[in-house]
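The values are calculated or read from the model by the stated rules, or taken from the named source; none is laboratory data. No experiment lies behind these values; they were computed from the predicted model shown. Here the Cβ positions follow ideal geometry from the backbone for every residue, glycine too, while neighbour counts run over all protein chains shown. The protein model used for the area step is the full one, side chains on, heavy atoms only, and it has no ligands, DNA or RNA in it. Shrake-Rupley method; radii C 1.70, N 1.55, O 1.52, S 1.80 Å.
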Amino acid sequence: MCASDLTKLCEDDRSEKLSLRKANEDNLAAKMKEFGLEPLSKDNCGLANATPGILKGIFPAHKDFGNVSESIRENKPWAVVSGINPSGPLHLGHLALFRENLALQKLGADVFIPVSNDESFLFDKAPSLEKAEEIAFKSVIPSVIAMGFNPAKTHIFVDSDFPSIYTFAIHIAKHFTLNHVKGVFGFTDEVSPAYGFYMGGVQMAHILMPQLPEFGGVRPVVVPVGIDQHPYIQVSRRVARKLNLTPPSELILKFMPSLAGPEHVKMSASYQNTAIYVTDTPDSAVKKIKTAYTGGSPVLKYQQENGGIPEVCSVFGVLQYHLLDADESSSIALRCKEGLQKCKECKEAASEGIAAMLQEHQKAFNEALNNIEDFMIKTPIKSFRFFK
Ligand code: SF4
C-alpha cells in the first residue's frame, strides 16, 4: 500500500471512530432528556466518598439518587436491586456492575439479587427452566458471591424457586392492562402471554420487594440499569406510588464496549468473542485482548501525531472498568488522546491484570460453591395481603 493510501486508511478509520463517539454521546444525551434523567458526578452525587463507578463516569446519569445519598449520609436503611438472568457464565460486563453493587453495599445497602431463570427460559436464552436454574446455582450465584458480598446484607433468590415472588407479582400486575404493558415494553401478539405477566408483574415485584415488611419496610431503593431498561423503573415508580412505597431511584450504567468493536455495542453473552467470561482461562482471555478493537490507528506514527480515541476503545474499557482507579483512568485517557500511549502498552497491562483477576475469581468461585445457602432468601412473602 502506498503512503497516500495508508494515510487515507488512517483518516477513514479515525473519522469512523469519531463518529461512533459522537453517536454514543448524542444517544446518551437524547435518552437522558427523553427520560428526564440527571447527570451524575462526584460533585453532585451527595456523597463525601463517591463510589468508583461514579468517580470514573461509568454511571453518568441518575433518577432520584438524592434519596439514596441522603440515607447514606444519615445512616438510614436503603437497598439496591440488581437482577440477572442466568443463561451462561458471567462476563466482565456483569462483574463491573456487581463490583459497583458491592461498593454500594459497603456504603450500607442491602443488596437484593433476583435471578430470573423464568426470563432466561421465556426469552429463549436457556433451553428449559430447569437448565436456567442449574446455571443459576452452579455458575451465576457462586460467581456473584465470589466477589466478596456480605451474606448478612445480600438477599438472592431464583424466581422459580421462590414462588412468593409470583404471588406478589399477581397483586402488582392487577394494576396494568395488557395494552399498557405492551405499550411500555413493546412486544407483539405473537409472544407467550407469560411475557406480559413477567414484565408487568414479576419484574416490578423484583424492584419493589425490598420495601415489603418482611425485608425491611418502606425505604429508598436504587436499581442500576442500562439506559434502555429505564421503562421498567418508570413503571415501577408509578406502581410504588399506588402501593404507598417509595418510588425506586435509578443509576444508569454505561455498558463496557464490546471487544469485537462497534457492531456489537456492549459486551454480550450472546457473542463469545465480544466478552471475557469468568470461566475463561487466563490464556484465552489474553488472546481475546490481543485481538480486541481499540480506539487507536492502524499506523502507530499516525496515532502518535493525531492521538487515539479512548471513549470507543474496548481495551481502555477493560482497564477503566476493572483495573484502574479514576485518576489512573483519566491519566491513560489523556496520554492516549495526546498520542503518548501505545495500544500495545494498554493491551499488555490489560492482559496481565485480567489474567490475575480471573485466577483470583476462579479460586474464590470454588469456595463460594459451598456458601450459597448463606445468601439465599428463605422468608416467604405474606404481606401482600395488606395491599389492595
Ligand atoms: Fe485504547 Fe490504549 Fe490504544 Fe488509546 S492507546 S486507543 S486507550 S488501547
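Is it the case that some residue within segment 188-202 is hydroxyl-bearing (Ser, Thr, Tyr), surrounded by fewer than 22 Cβ atoms within 10 Å (Cβ to Cβ) and part of a loop (DSSP other than H, G, I, E, B)? So far as segment 188-202 goes, yes, one or more of its residues are hydroxyl-bearing (Ser, Thr, Tyr), surrounded by fewer than 22 Cβ atoms within 10 Å (Cβ to Cβ) and part of a loop (DSSP other than H, G, I, E, B).
Residue 381 satisfies every condition listed in (1) outside any helix (DSSP H, G or I); (2) touching a helix residue (DSSP H, G or I) at 6+ places or on another chain (Cβ under 8 Å); (3) modelled with pLDDT of 95 or more except (3). Within segment 47-86, the set of residues being assigned to a loop (DSSP other than H, G, I, E, B), open to solvent by 30 Å² or more (accessible area, probe 1.4 Å) and at pLDDT 95 or above comprises 56, 64, 74, 75, 76, 77, 83. Residues in segment 221-259 that are part of a loop (DSSP other than H, G, I, E, B), surrounded by 20 or more Cβ atoms within 10 Å (Cβ to Cβ) and free of Cβ contacts under 8 Å to residues at least 40 places away in the same chain: 245 alone. Only residues that are of a type in the set (Asp, Glu) and under 23 Å from residue 327 (Cβ atoms) were counted in segment 13-71, giving 2. Which of the residues belonging to segment 295-323 are among the β-branched types (Val, Ile, Thr) and surrounded by fewer than 21 Cβ atoms within 10 Å (Cβ to Cβ)? Once the filter is applied, which keeps residues that are among the β-branched types (Val, Ile, Thr) and surrounded by fewer than 21 Cβ atoms within 10 Å (Cβ to Cβ), segment 295-323 yields only 299. Listed by first and then second residue, the pairs linking a residue in segment 19-37 that is surrounded by 12 or more Cβ atoms within 10 Å (Cβ to Cβ) to a residue that is not in a helix (DSSP H, G or I), with Cβ atoms under 6 Å apart and 6 or more places separating them unless they lie on different chains, are 20/262; 21/309; 32/61; 37/61; 37/63. Filter segment 12-46 down to residues that are part of a helix (DSSP H, G or I) and touching a strand residue (DSSP E or B) at 6+ places or on another chain (Cβ under 8 Å), then give me how many there are. Number of matching residues: 3. Scanning segment 348-378 for residues that are part of a helix (DSSP H, G or I), among the polar types (S, T, N, Q) and within 21 Å of residue 111 (Cβ to Cβ) turns up nothing. Residue 240 fulfils the conditions (1) farther than 28 Å from residue 30 by Cα; (2) over 18 Å from the mean Cα position of the chain (by Cα) except for a single criterion, (1). Of all residues in segment 166-187, those being open to solvent by less than 10 Å² (accessible area, probe 1.4 Å) and in contact (Cβ under 8 Å) with a residue 60 or more places away in the chain number 2. For residue 218, the conditions (1) open to solvent by less than 40 Å² (accessible area, probe 1.4 Å); (2) not acidic (Asp, Glu); (3) not in a helix (DSSP H, G or I) all hold with the exception of (1).
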